[in-house]
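Below is one structure, written out as structure tokens, with a few remarks after it.
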Amino acid sequence: MIRTDDARGQILRSIRESLAASVPLDAMAHAPRRHSTHVPPGPSLQAPDLVPRFTEQLSAVGAQWTLVRGEVEAARALRRILSDAGAKRVAGSDAPLVARLLPERLTDLSRDELFICDAGVTTAQWGIAETGTLVLESARERSRLASLVPPMHVALLSTSRICASLADALARVDVASHAVTLITGPSRTSDIELTLVVGVHGPQVVHILLLEEEAQ
Amino acid sequence: MTFEGGVRAALADVQLRGALRQATTLFGDRRGTALASVPDWEGARERARAIKDETLLHLDRYLEQFTSSAERAGARMHWARDAGEACEIIGRIGEVLGARTVVKSKSMATEEIHLNAALARRGIEPIETDLGEYIIQLAGETPSHIVVPAIHKTKAQIAALFAEKLGIAPTDDAAALTAAARQALRRRFAEADIGISGVNFAVAETGTILILENEGNARLTTSLPRTHIALMGIEKVIPRFADLEVFLQLLPRSGTGQVLTAYQSLLTGVKRRPEDEGPDELHIVLLDNGRSRMLASPVTRQSLACIRCGACLNACPVYRQIGGHAYDSVYPGPIGAILTPQLIGIERAAHLPYASSLCGACRDVCPVKIDIPALLLHLRAQVIEQRAGKSRLLERVAFRCYAAVMARPRLYEWTMRVARILRIVPPLPAWTKWRDLRPLAPRSFREEWRVGLRDEGVS
């Protein structure tokens, strides 16, 4: 029988004893460097620059993208993207936007049903311009499996949600989410003779549908 | 096999050396390109190291903070003093749940504790799901590289393996082989009772664990089964959520030369509502297994700053020639040469601190500036300390004589003259076994120098 309380106490005691033993040695060596851990703010991109920077990075990481204005245009583009890919069974997250754009999406699927879907449609809560990354938060939407299991993932993202950098995005994510997922391009591997293959366990195709606000 | 035997076998394996050269060069080049996109790479390294130093100097406090944050979010915490205890904890969770199969994403910590064998002994089948790990599990081998575990296998070998084990038609197409693995593993994901992962970073402030990957198997492992067990070394903790940024800049660039890997999963406890997606249970196992001892001096402590990127392997002239298996160590390459002796005891890995030319390439590429050569020397000193009896006495006498001669110029000259006349070569079998020792020149440099001066004076 393991008493893990004992283990906890013993590990913490061993840590404290080792650190105490190290004090004179630290004094003899150079004192541990005291660098500022403050992150200097980098040059911040202006909002108009963010969309082209983001789409450029999306292309660089092997993701596809379409820029549309307003929900009517978005619904049309979404249908075209799915039909061009020959996707018949489409899993949708529970986001209201997905329901509005694609009323016939499949929801509340069992695991087996999800495994035979051709595509998954979700929204993304944030985009990161610097790296071409999507950020999905579990507190906002049930998007974990729809964005992962089918061979194609279509993500809807408002252009107003694009952050300049990874640091910006980390400062904004909702840490109340039990799962925050960062997605940069399709699933990939180079495990066989370093040959790049996309679509291992996750989607082979990632398509970002960028929604610009309609001019008022 | 002895280390020497392993090295000889590796050096004779032409195919292995070709694959190693290709991989290590490619990753080295990609890393170089990726660094250029960080405006202040040196600054990022300094910052990351400072964060690690700060954490390690107060590791007890940060571990307790991490524990209470993770528990507040619904995780169950376990503490394991050593490998056996960690296997016991994980095996027990599996037995309580009546688990028959577990899916695993890549984790060096689970390799370190030999978890797969421990699970199999309890009748629980572990299934590796990272493509490279899956290949070597099918082949019954062990990883030879931290980041690319099956680097030593050719496409033809993998095709033959898949044909035998998965019953697919032989193919030399990497995409077709990958698709076959995806297909075979889908079923295993669907039926698995437990998902087991490692942890790249653990945030004390929020109780979040972060897992990086490219394939999506870690996402499946941590979201499909009803129970997720994460195994982490106690050194994985960092203080603040915002600290993740600098490590996310350093790790993918150093490891694979990517700006970011395809996926980062930031997991904080378990699902909040029954209708949420994800496991019902999250168990986090904190593993000591020799790590707390490393805190006892500033030299050894830096081993715990390692973020397991593998850059030192790709840069190391020894690793590039012999690959991972010859080290006979779970962690290969320069980082393995310092970690393994400290984890399992210097007496069981005395060969490792010598598996290096001390060139310092590992230190130059390390994203957290670990002075690996200094650690290697520190460990070599320990090996010598422990060596008892005749060889130690002989070595001591030899160095006393050396010091006596080198400290007295006249004695030095006389000794060298005698050695030259009698053509004495110092008995250094450990050196001359691998290298030529050139015979002494007929005249010493100092004699030449004096003659040269005289000649110049004449002309």
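Looking at B:G167, B:G195, which one is at pLDDT 95 or above and not hydrophobic (A, V, I, L, M, F, W, C)? Reasoning before the result, please.
Numbers: B:G167 fails: at pLDDT 95 or above.
Just a single option satisfies the conditions, and that option is B:G195.
Check whether at least one residue in segment B:362-372 is surrounded by 15 or more Cβ atoms within 10 Å (Cβ to Cβ), in contact with an Asp or Glu (Cβ under 7 Å, 6 or more places away or on another chain) and closer than 26 Å to B:G323 by Cβ, and report yes or no. Step through it out loud before you land on a result.
Restricting attention to segment B:362-372, the residues satisfying the condition of being surrounded by 15 or more Cβ atoms within 10 Å (Cβ to Cβ) are B:362-363, B:365-372.
Add one more test, that the residue is in contact with an Asp or Glu (Cβ under 7 Å, 6 or more places away or on another chain), and what stays is B:363.
With the extra rule that they be closer than 26 Å to B:G323 by Cβ, the set shrinks to B:363.
The answer is yes; a qualifying residue exists.
In segment B:244-253, what count of residues is obtained for those that are within 7 Å of chain A (Cβ to nearest Cβ) and of a type outside the set (A, V, I, L, M)?
Summing the residues that are within 7 Å of chain A (Cβ to nearest Cβ) and of a type outside the set (A, V, I, L, M) in segment B:244-253 gives 1.
Would you mind stating whether B:D243 is in the same structural domain as B:R92 (by TED's automatic domain parsing), within 20 Å of B:P367 (Cα to Cα) and among the acidic types (D, E)? Talk me through it step by step, then tell me what you get.
Numbers: in the same structural domain as B:R92 (by TED's automatic domain parsing): yes; within 20 Å of B:P367 (Cα to Cα): yes; among the acidic types (D, E): yes.
Yes; evaluated as a whole, the condition is true for this residue.
With segment B:106-206 as the region, which helices (runs of 4 or more DSSP H) entirely inside it contain at least 1 residues that are without any contact (Cβ under 8 Å) to a residue 12 or more places away in the chain and either of a type in the set (G, A, S) or in contact with an Asp or Glu (Cβ under 7 Å, 6 or more places away or on another chain) (or both)?
Working: elements: B:108-112, B:115-121, B:131-139, B:155-165, B:174-191.
Qualifying helices (runs of 4 or more DSSP H): B:115-121, B:155-165, B:174-191.
Taking B:T340, is it within 14 Å of chain A (Cβ to nearest Cβ), modelled with pLDDT of 95 or more and either within 27 Å of B:D29 (Cα to Cα) or in a helix (DSSP H, G or I) (or both)? Steps first, answer last, please.
Numbers: within 14 Å of chain A (Cβ to nearest Cβ): no; modelled with pLDDT of 95 or more: yes; either within 27 Å of B:D29 (Cα to Cα) or in a helix (DSSP H, G or I) (or both): yes.
The answer is no for B:T340.
Got a sec? Which of B:R30, B:R21, B:R47, B:R17 is under 24 Å from the mean Cα position of the chain (by Cα), buried (at least 22 other Cβ atoms within 10 Å of the Cβ), over 30 Å from B:R272 (Cα atoms) and not assigned by TED's automatic domain parsing to the domain that holds B:S197? Can you show your working first?
Details: B:R30 fails: buried (at least 22 other Cβ atoms within 10 Å of the Cβ); B:R21 fails: buried (at least 22 other Cβ atoms within 10 Å of the Cβ); B:R17 fails: buried (at least 22 other Cβ atoms within 10 Å of the Cβ).
Going through B:R30, B:R21, B:R47, B:R17 in turn, the sole match is B:R47.
Would you call B:R417 surrounded by fewer than 11 Cβ atoms within 10 Å (Cβ to Cβ) and not assigned by TED's automatic domain parsing to the domain that holds B:A10? Write out each step before concluding.
Details: surrounded by fewer than 11 Cβ atoms within 10 Å (Cβ to Cβ): no; not assigned by TED's automatic domain parsing to the domain that holds B:A10: yes.
Answer is no for this residue.
Six or more apart or on different chains, Cβ atoms under 6 Å: show the pairs whose first residue is in segment B:394-406 and assigned by TED's automatic domain parsing to the domain that holds B:A430 and whose second is assigned to a helix (DSSP H, G or I) and surrounded by 11 or more Cβ atoms within 10 Å (Cβ to Cβ).
B:V405/B:L411; B:V405/B:Y412; B:V405/B:T415
Taking A:S187 as the residue in question, decide whether it is in contact with a Leu (Cβ under 9 Å, 6 or more places away or on another chain), small (G, A, S) and within 20 Å of B:T129 (Cβ to Cβ). Write out each step before concluding.
Details: in contact with a Leu (Cβ under 9 Å, 6 or more places away or on another chain): yes; small (G, A, S): yes; within 20 Å of B:T129 (Cβ to Cβ): yes.
The answer is yes for A:S187.
Restricting attention to segment B:180-227, report how many residues are surrounded by fewer than 23 Cβ atoms within 10 Å (Cβ to Cβ) and acidic (D, E).
Total satisfying the criteria: 3.
With the structure loaded, tell me whether B:P225 is at pLDDT 95 or above, closer than 29 Å to B:L35 by Cβ and either away from chain A (no Cβ under 11 Å) or out of contact with any helix residue (DSSP H, G or I) (no Cβ under 6 Å at 6 or more places or on another chain) (or both) or whether it fails that test.
Values: at pLDDT 95 or above: yes; closer than 29 Å to B:L35 by Cβ: no; either away from chain A (no Cβ under 11 Å) or out of contact with any helix residue (DSSP H, G or I) (no Cβ under 6 Å at 6 or more places or on another chain) (or both): yes.
So B:P225 fails the test.
Collect the residues in segment B:334-361 that are of a type in the set (G, A, S) and crowded, with 17+ Cβ neighbours inside 10 Å, keeping them in residue-number order.
Step one: filter segment B:334-361 for residues of a type in the set (G, A, S), giving B:336-337, B:345, B:349-350, B:355-357, B:360-361.
Answer for segment B:334-361, where residues must be of a type in the set (G, A, S) and crowded, with 17+ Cβ neighbours inside 10 Å: B:G336, B:A337, B:A349, B:A350, B:A355, B:S356, B:A361.
Out of all the residues in segment B:228-243, which are crowded, with 23+ Cβ neighbours inside 10 Å, at the interface with chain A (Cβ under 8 Å from one of its Cβ atoms) and more than 22 Å from the chain's Cα centre (by Cα)?
Answer for segment B:228-243, where residues must be crowded, with 23+ Cβ neighbours inside 10 Å, at the interface with chain A (Cβ under 8 Å from one of its Cβ atoms) and more than 22 Å from the chain's Cα centre (by Cα): just B:D243.
For segment B:11-46, how many residues meet the condition of being facing another protein chain (nearest Cβ under 9 Å) and in contact with a Pro (Cβ under 9 Å, 6 or more places away or on another chain)?
Residues in segment B:11-46 being facing another protein chain (nearest Cβ under 9 Å) and in contact with a Pro (Cβ under 9 Å, 6 or more places away or on another chain): 3 in total.
Given the criterion among the polar types (S, T, N, Q), within 9 Å of chain A (Cβ to nearest Cβ) and in contact with a helix residue (DSSP H, G or I) (Cβ under 6 Å, 6 or more places away or on another chain), identify the matching residue among B:T256, B:T268, B:T261.
B:T261
From the set of residues in segment A:46-72 that are in a loop (DSSP other than H, G, I, E, B) and either at pLDDT 95 or above or touching a Cys at 6+ places or on another chain (Cβ under 9 Å) (or both), which is nearest to A:V121 (Cα to Cα)?
In this case the residue turns out to be A:A63.
Where in segment A:129-216 are there strands (runs of 3 or more DSSP E), lying fully within it, with 2 or more residues that are facing chain B (nearest Cβ under 8 Å) and either in contact with a Pro (Cβ under 6 Å, 6 or more places away or on another chain) or among the aliphatic types (A, V, I, L, M) (or both)?
Numbers: elements: A:133-137, A:152-158, A:179-183, A:205-212.
Ranges flagged: A:179-183.
Give the residues of segment B:73-111 that are over 24 Å from B:A204 (Cα atoms) and under 22 Å from the mean Cα position of the chain (by Cα), sorted by residue number.
Step one: of segment B:73-111, the residues over 24 Å from B:A204 (Cα atoms) are B:84, B:87-88, B:91-104, B:111.
Residues satisfying the conditions are B:G84, B:C87, B:K104, B:E111.
Any idea how many residues of segment B:74-105 are part of a helix (DSSP H, G or I) and in contact with an Asp or Glu (Cβ under 8 Å, 6 or more places away or on another chain)? Explain how you work it out, then say what you get.
Here is the first cut: in segment B:74-105, the residues part of a helix (DSSP H, G or I) are B:83-96.
Retained after the next criterion (residues that are in contact with an Asp or Glu (Cβ under 8 Å, 6 or more places away or on another chain)): B:83, B:94.
Final tally of qualifying residues: 2.
Name every residue in segment B:60-90 that is within 11 Å of another protein chain (Cβ to nearest Cβ), more than 24 Å from B:M294 (Cα to Cα) and of a type in the set (K, R), in order of residue number.
Listed by number, the list holds a single entry, B:R76.
With respect to the numbered conditions (1) more than 27 Å from B:G43 (Cβ to Cβ); (2) polar (S, T, N, Q); (3) at pLDDT below 95, which one is the sole condition not fulfilled by B:T256?
Single failed check for B:T256: (1).
Return the residues of segment B:340-376 that are hydrophobic (A, V, I, L, M, F, W, C) and within 30 Å of B:L248 (Cβ to Cβ); say none if nothing qualifies. Let's see the steps before the verdict.
At the first step, the residues of segment B:340-376 found to be hydrophobic (A, V, I, L, M, F, W, C) are B:343-344, B:346, B:349-350, B:352, B:355, B:358-359, B:361-362, B:365-366, B:368, B:370, B:372, B:374-376.
Those that are hydrophobic (A, V, I, L, M, F, W, C) and within 30 Å of B:L248 (Cβ to Cβ): B:L343, B:C359, B:A361, B:C362, B:V365, B:C366, B:V368, B:I370, B:I372, B:A374, B:L375, B:L376.
The values are calculated or read from the model by the stated rules, or taken from the named source; none is laboratory data. None of the values given here were measured: they were computed from a predicted structure. Virtual Cβ from ideal backbone geometry, glycine too; neighbours counted across all protein chains shown.
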